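Inspection log for the structure reproduced underneath, given as structure tokens.
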Amino acid sequence: MVTSKYRSSNMIILSILEAIFRAEQGHYLTKKGIVKSHLLKRCKLKASTAEKYLTKMEQAGYIISSKEPWGEREIIIYNLTEKGKERYRWFMQINAELE
């Protein structure tokens, strides 16, 4: 089996779903979702790569984003939709079966 230093698209999507899921469960000190900059750090993604995946996932109905004021700036917060939660459970089940 050939290994690669790159993650597959599925693994990136899973890491995004998992980070948002954990944030909503209160694992990262908030139950409001996850701030975009924190999401990128947790998933170890570059901004350009993250933007591509986040846009596709939002269009697919897995996640929703909202803007909130933060001082004089705005931050973007991501949350899972019901479809996103279903997909997260689906990914986790597949990973468990393959291990």
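The values are calculated or read from the model by the stated rules, or taken from the named source; none is laboratory data. None of these values were measured; they are calculated from a predicted model. Don't worry about glycine lacking a Cβ; one is built from the backbone with ideal geometry, like all the others, and counts go over all protein chains shown.
Scanning the range 5-56 for residues that are surrounded by fewer than 16 Cβ atoms within 10 Å (Cβ to Cβ) and among the hydroxyl-bearing types (Ser, Thr, Tyr) yields TYR6, SER8, SER9, THR30, SER37, SER48, THR49, THR55. Among the candidates GLU86, GLU72, GLU82, GLU68, single out the residue that is acidic (Asp, Glu), under 19 Å from SER15 (Cβ atoms) and surrounded by fewer than 16 Cβ atoms within 10 Å (Cβ to Cβ). One residue alone meets the criteria, GLU86. Taking the criterion of being among the hydrophobic types (A, V, I, L, M, F, W, C) and modelled with pLDDT of 95 or more, the residues of the range 21-41 that qualify are LEU39, LEU40. Applying the set (1) surrounded by fewer than 18 Cβ atoms within 10 Å (Cβ to Cβ); (2) more than 16 Å from LEU14 (Cβ to Cβ) to ILE77 leaves exactly one unmet item: (1).
Each residue in the range 42-99 was checked for being assigned to a helix (DSSP H, G or I), modelled with pLDDT of 95 or more, within 21 Å of GLN25 (Cβ to Cβ) and among the β-branched types (Val, Ile, Thr), and 0 of them qualify.
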